[in-house]
Every structure is written in C-alpha cells, then in structure tokens.
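The values are calculated or read from the model by the stated rules, or taken from the named source; none is laboratory data. Just so you know, these numbers come straight off a predicted model, no measurement behind them. Every residue, glycine among them, receives a Cβ derived from its backbone with ideal geometry; neighbour counts consider all protein chains shown.
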Amino acid sequence: MPLTKITFKPGINRESTSYAAENGWFDSNLIRFRKGRPEKMGGWQKISSNSVTGTTRSLHTFSALDASKFMGVGTEKKFFIEEGGTFHDITPLRRTQTLGSNPITTGSSSSSVITITDTNHGARTGDFVTISGATTTDGITAAQINLEFEITVVNSNTYTVTTTGSASSGSTAGGGSSVVAAYQISAGLGVVVPGTGWGAGLWGGYNSSFSETTLDGAINNSVTSFSLTSATDFETASTTLSADITDVSTSIPLADSSSFPAKGTILVGSEKIEYGNNNSNVLSDLTRGADSTTAAAGSSGASVTFVGLMLIDNELVQYTGKSTNTINAGVVRGVRGTTAAAHDDDAPVKEANAFVGWGEAANITTDEGSNIRLWSQDNWGEDLIFNAFDGTIYYWDRTLGVNARATSLASQTGASDAPTIVRKTMISTTDRHVVCFGCNPRGSTEQDLLEVRWSDQEAPFNWSPPVTNTAGGVRLSAGSEIITAVKTRQEILIWTDVNLHAMRFVGPDDIFSFALVASNTSIIGFNAAVTVGDRTFWMGRNNFYVYAGRLQVIPCTVLDHVFSNINTAQNFKFFAASNKLFDEIFWFYASASSDEIDRYVKFNHVEGTWDIGTLARTAWVDLGVHDNPRGAGSASSSEFIYSHESGQNDDGSAMNCFIESADFDLGDGEQFMFVDKLIPDVRLNDTSGDNSGSVDYVIKTRNFPLESLTTNSTSTIVSSTQQAFMRARGRQAVVRIQSDSTDLNWTLGDLRLNLRPDGRR
C-alpha cells in the first residue's frame, strides 16, 4: 500500500473530543508552534547558584546610568535587588527598638532557642528581625546572637528565634543593656485562604493584636485534645448572666466581662452567641444562634463561657478550656466553613478571636501581612519604586548602594501627602507621574479601593495638589474595588471587579481623563495581564481577552481544558508573561488539585495557535535589560531565578517534552486499520556534538471513541533513521512524539505512515 501523509493542523485543540478533533493536535508539554510546525521549547538554567528566601511573586529588570543591570525580586517574605547573580536584601524596616536590660533568655540546657523580650513588638511568626549589640549569654556567643533571624513562636511581648549556638545551663537571662532589634516589614501570606468561612477572602484578615504559636506534636482530623508550644495568650474566660435574657435579646448582661476579649463568641447553655462589642459588663452587636445553634432564653446566674477560636493551617477550631499548654475542653474541629484535617508537628497556630469577618475591614494599615504578598515595581530613573499589595510605597535609591534598605516614599526628603496604603503603583512613563491605585485619598488614612492618585509631574515625593502643580486624584464610579492596572503605549488600563477603564494623560487642567472601555468584564488576578506592543492580553474569569483600542475575546482552542481544571481560590497567584523571542503569551496558573502554580497555557499572538503544558513558575520578566526572559521557580526546596530560552535542558537535566495528536482513522472509521511502517520527518539538532539525541514515535490505538488508548508500538528515532517498522491495529489511532534527551532540540514535519484497511471487525 502507498504511504499515507497526515498533516496536522497547527495548535492544540481540546474544545471537543479527541475523535472530533481529527487531523489536529490534542495534548502537549514544553513545545511551541512556529510557522505552523511543533517544536521543542528552549531550555533554562539558573542565573546563579544563589537562592532567595520565600516564593518569588515579582520580577522587574532595569539599568542604571552606568549601564549596571539590576533586577527587583519580591517574595512573600522579603525584597531583593539582584546584580550579577547576587541577591541583596533591601527589605524595608518596620521598627528599630533598643530593648530593655538583659532581654535574651536561653532555653533548656544545650538548646539553641532563645527568647527575646520586647514589649508590644508587633512581630509575627515568619517575620525577620536583626539583633545587634548583644553580649554572650549562657554559652551562646555574641556572634551567634547578633544576626538576622526568622521569628518562630510569638506572644505579645516575647518571641523565640533559633541560633547556631547551644546554651550551657539554660533559663539564663542576658544580652546586656545595648541590644537593638531591627524588625523588617511583616511577611505576607504565601497561600490564599479559600473564601469559605469567616474572615476568608479579600474582605477578611487579622487585626494587629493576635498571638501565634505552633503545634507541639502532630494531630489527626478528629482529636479533641492537643498541645501547643505555648498557649499563654490563647484566651479562656467564664462568668454568669447578671440578668435574665430572652431568645431575642440584643444585649447580654454579665456579672464580670473584664476577662472577655473585645469581640468573639460565648456559650450560654447550648446557644453560641457572637458579639462585636464588650462595654461595661454588657456584650452587644450580637448574632444569636451562631454556628447552627438555637437562640434560647437564659436565667440570671446561668453560666457564660468564652468560646475561643484558633486557626491551624487553614482549619478553624473552637475551644472553651485549656490546661497549661493543652487545649482540651469544648473542642470543635473544622468550624465556619473550614474542614477538619490532619496537621504536622510545628504547624502554625494563630489565635483567631480577632479574625475579621466577611464585609469587615481588616487592619491592613499596620499589618502588611494580611494579604497574599504580591508586589508592584517600576523605575524612577535608575531608582526603584515598589509596594506590597495593599501596603506601603517604598523607594530604593540606587546611589546608596545595593545593600541599602528601601525606605518609605512618605519618609523621603520633601515628601508631601504621599499615599500610605496602596494596591498598586506604577510610573506613567510619557508624562512622568507616579500613579497609585486603590489607595487612601488625600487627607485620609483609610484605604479606598476605587481611588486613583498621582504625584506632581517630575516630583515623585510631592502628592499635595495646590494650583501650581499637577498632583491629583479621582475615585472611579463603578465597582467595589480596583483589581489591577497595566501600562500600554497610549494609556493605562484599570480593571475593577466589574469593568475596564482607560486612564489617559490630557494635561492641564484635568491632567488625566478616565473612560469606560467595557462593562461586565474583569480579570482573574492581579498579574494576569501583559502588554506587548500596542496590544494588552489578559485572562478573565472564563475567557481570554485582547485590547488594542477595543475589547475582543481571543478565540481559544483549549478554553475548556483550562477553566475546567483550575484552582480559582489561588487566582491572585496567576500571572501573564510574554516571550518576545517567539511572539508568545503565557498564562501560568494552578490546577484544581494544586495550591501553587503548576501549569501554563500559551498563545502565539502572531500565528494564533495555542498549546498547553506543565511548568512551575511563580514570576516572569521578558527579555530587555537581559538577553533572555527570566522566570522564578523552586528546586530542592530552594527558590531560584532561571534564564529561559537558554540551551535545551531543564537546568542540566532532560526536558520531558511531547506532543500528541487527536484520533485519526481510515475514511469514516468504518474499517480497522493496520500500521506497519513510519517515515519520520523530524529535524534533530543535537547540541552535544555526538548525535546521540533521539525522539520516540509512539502509536496508540483504540476501537471506540470512549475506549482507553492502548500503546501498540514505540520507535526511537535518531538523526540517521530513515524508516521505522511498527505494528499497530485499531479503528482509531493516535501518534505521540516525545523526548527526554539532553542537549536536543527538534522540529516536526509531516507524518507518513504505511496504513492499510484491516477489515470491518
């Protein structure tokens, strides 16, 4: 029989079944389409062996006047400036405090843990502090104490850190009278808590006054007694009713409410009652019959017990009593929409009585760790302006050197009325204004998530708008919050939760105009848009879009594949990335079973093709300052920055790449077919020089569309292969081309198979 040439349509098509997508490609990993042909993606390698602390969520490259190249790197824990592969910690300081006399106490004998006393320190587990001026204490040397530490266990006035030393006797106070603690801004959240339960999602969070500790021993999902490293600040209280109450009473009179916190939950009989105010032995702002209990009357003298609330990982737990450091009374697991789960030893535990409920404002003005830590970065000349999501704007002065910490914009010489809490910051490039989105209005310290403000032209520190300058602000009229904003060549695009605005520089007297571009549209995440040339691409909640003067939906052949298997609870981690070398737009996202980014969908915006794959990247910056794109990812539990389109390997290891066709058959599939020979058409570029690289051609078959595929034959193709003999039989067939060779690039041509009919049964 003559050979049958099969030409597949470019791009991955999963909008229908594999059988319905005949003569197309159906699945892929780490490939691209170029000039209609599939080929292996370029590889990546670390820019250096140095790692960063935390998970990288933001990369931004820029050059200084002397041509030095820098990259800003923001993680949920810190902020770095990279130069020449070295990462310099410029994380701003929140507080610097000289401590009292002998504030350091060692633990037990031979322990490396020390406790530091600092009244109202405001630190949290996971924050970083630098100790200086301490003297040797109980065998732990001054050099082992005067270092940077990550804080582990926190109470209101003390916290612990782990040194490299070892206490001689233990429980010894020391350090001297000149100990200084420099606290970095609080670390942010690394994982979005799903919006199920009290305080979850964008509307909730913690107020600044809460305690943290860890589990002292692993627990399963059903135990009702467990130990904490320290339960000192986990509240318990009891009293009695001082008067009768009915099932509709709007206040609860107590004999003594002094030991009850300002807000929380009480138990009266079998009824749980939430309260929001505690004043003069009267609890008010009530929610009767909380947690599915029934509102009931109560008699004077009836027992009233405080119901504590703690957060273990993502599980909320109620309790009414403790014994020293053991929570052992009234324990109810998985309350308020959370799920009871097993937790490891040393899992973080937060006292959650001050957990802010849905619709209430969290105290994010003083607590930059209330939201998942994302960053905005932009350049003012060779200096860097950046801010944490819903946090403070910071300024890094390049002339002070790479080891100089950033300081707040509001603290700069000549600063006037600069915003203090901001969702996103950028520079309007053509007109040289610093612009803030979702910030506090002038004259207020409260964040307005629809407020847009800008500095005076050419004056990034001056935000006061007298007649003589161009500083100002506008509040958008529609929606409840600004999600994000992106610069284009002609304007700034602003997404709220319900529409898209265009912000354009118009000069005096308005300075900027604001036009509604589209209604009933939004964006899936903070970093889900990217501008390439005159077009801006973004990922919506159920579609992909492009804007180039007007809004258009991008036809997508893998739409259902993406949006049917996606973890929207982690949507603020999703991000768009451009690869100008190959006219590509990536969207990196978390699949439904993952809390971290593990997949991508990729669009060639010139050829209009889509492909999919698996690649764990958490941030990206395109080429420009550097010759290759850069992406952030982890390896061996450390976080590295990689140079992409560099070589053919996964940082020295093989890339597991493949592309797989949709089903094909003979005619209308009324007959079985038999395959016994393949003529490969593939260009192999083995950069190792020994021509050992290979690809595998795999033939899979099935007899019915809903039947599982069976691998019938695999043939390894090298550069000298002219033909491959294979044996496969079925009504439908699929071809898969895959490779796991190092130092190999390949491009596919057409597929030619020796096919013949093989009966109808």
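Structure summary
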| item | result |
| --- | --- |
| Residues of segment 92-116 satisfying the condition of being at positive phi, buried (at least 17 other Cβ atoms within 10 Å of the Cβ) and small (Gly, Ala, Ser) | none |
| Strands (runs of 3 or more DSSP E) within segment 65-169 that include 3 or more residues under 25 Å from Ser49 (Cβ atoms) | 69-75, 79-83, 86-89, 148-150 |
| Top-ranked residue in segment 691-731 [being under 13 Å from Val675 (Cβ atoms) and among the basic types (Lys, Arg); ranked as surrounded by the fewest Cβ atoms within 10 Å (Cβ to Cβ)] | Arg727 |
| Single residue of Gly337, Gly359, Gly414 found to be of a type outside the set (Ser, Thr, Tyr), on the phi > 0 side of the Ramachandran plot, assigned by TED's automatic domain parsing to the domain that holds Glu451 and modelled with pLDDT under 95 | Gly414 |
| Check on Arg453, in contact (Cβ under 8 Å) with a residue 24 or more places away in the chain and assigned to a loop (DSSP other than H, G, I, E, B) | no |
| Positions within segment 439-467 being out of contact with any Ser or Thr (no Cβ under 6 Å at 6 or more places or on another chain) and among the acidic types (Asp, Glu), in sequence order | Glu446, Asp448, Glu451, Glu458 |
| Number of the condition not met by Phe563 [criteria: (1) surrounded by fewer than 18 Cβ atoms within 10 Å (Cβ to Cβ); (2) free of Cβ contacts under 8 Å to residues at least 24 places away in the same chain; (3) not acidic (Asp, Glu)] | (1) |
| Test for Asp378: is it of a type outside the set (S, T, N, Q), assigned to a loop (DSSP other than H, G, I, E, B) and either within 23 Å of the chain's Cα centre (by Cα) or at pLDDT below 95 (or both) | no |
| Residues (within 22 Å of Asp560 (Cα to Cα) and either more than 16 Å from the chain's Cα centre (by Cα) or assigned to a strand (DSSP E or B) (or both)) located in segment 579-593 | Glu584, Ile585, Phe586, Trp587, Phe588, Tyr589 |
| Flag for Ile273 being in the same structural domain as Thr326 (by TED's automatic domain parsing), crowded, with 20+ Cβ neighbours inside 10 Å, closer than 23 Å to Thr224 by Cβ and touching a His at 6+ places or on another chain (Cβ under 7 Å) | no |
| Residue ranges of strands (runs of 3 or more DSSP E) in segment 468-559 with at least 3 members touching a Ser or Thr at 6+ places or on another chain (Cβ under 8 Å), more than 25 Å from Phe603 (Cβ to Cβ) and modelled with pLDDT of 95 or more | 499-507 |
| Count - residues of segment 594-649 that are among the β-branched types (Val, Ile, Thr), in contact with a strand residue (DSSP E or B) (Cβ under 6 Å, 6 or more places away or on another chain) and part of a loop (DSSP other than H, G, I, E, B) | 3 |
| Odd one out for Gly84 among (1) over 28 Å from Ser178 (Cα atoms); (2) within 20 Å of the chain's Cα centre (by Cα); (3) not hydrophobic (A, V, I, L, M, F, W, C) | (2) |
| Of the criteria (1) modelled with pLDDT under 95; (2) in contact with a strand residue (DSSP E or B) (Cβ under 9 Å, 6 or more places away or on another chain), which one Thr53 fails | (1) |
| Ser688 vs. criteria among the polar types (S, T, N, Q), surrounded by fewer than 21 Cβ atoms within 10 Å (Cβ to Cβ), in the same structural domain as Pro38 (by TED's automatic domain parsing) and free of Cβ contacts under 8 Å to residues at least 12 places away in the same chain | no |
| Members of segment 451-465 that are of a type outside the set (Ser, Thr, Tyr), closer than 18 Å to Thr429 by Cβ and surrounded by 21 or more Cβ atoms within 10 Å (Cβ to Cβ) | Val452, Arg453, Trp454, Asp456, Pro460 |
| Listing of strands (runs of 3 or more DSSP E) fully contained in segment 304-343 that carry 3 or more residues being more than 27 Å from the chain's Cα centre (by Cα) and not hydroxyl-bearing (Ser, Thr, Tyr) | 326-329 |
| Test for Gly24: is it crowded, with 23+ Cβ neighbours inside 10 Å and of a type outside the set (D, E, K, R) | no |
| Flag if Lys272 is of a type in the set (Lys, Arg), at pLDDT below 90 and in contact with a strand residue (DSSP E or B) (Cβ under 7 Å, 6 or more places away or on another chain) | no |
| So Arg14, is it assigned by TED's automatic domain parsing to the domain that holds Asp750, assigned to a loop (DSSP other than H, G, I, E, B) and at pLDDT 95 or above | yes |
| Residue list for segment 650-662, filter: surrounded by fewer than 20 Cβ atoms within 10 Å (Cβ to Cβ), assigned to a loop (DSSP other than H, G, I, E, B) and in contact with a strand residue (DSSP E or B) (Cβ under 6 Å, 6 or more places away or on another chain) | Asp651 |
| Condition broken by Thr137, with the remaining ones in (1) of a type in the set (Val, Ile, Thr); (2) surrounded by fewer than 17 Cβ atoms within 10 Å (Cβ to Cβ); (3) farther than 30 Å from Thr338 by Cβ satisfied | (2) |
| Unique residue being of a type in the set (Gly, Ala, Ser) and not assigned by TED's automatic domain parsing to the domain that holds Gln412 when the list is Gly507, Gly533 | Gly533 |
| Residue match in segment 27-34 (condition: farther than 21 Å from Arg617 by Cα, basic (Lys, Arg) and within 30 Å of the chain's Cα centre (by Cα)) | no |
| Boolean, Ile6 is among the aliphatic types (A, V, I, L, M) and in contact with a His (Cβ under 7 Å, 6 or more places away or on another chain) | no |
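Per-residue answers, yes or no, for (1) touching a residue at least 24 places away in the same chain (Cβ under 8 Å); (2) farther than 15 Å from Asn353 by Cα:
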site	(1), (2)
Phe260	yes, no
Ser270	yes, yes
Asn277	no, no
Thr294	yes, yes
Ala302	yes, yes
Val317	no, no
Lys322	yes, yes
Thr326	yes, yes
Arg333	yes, yes
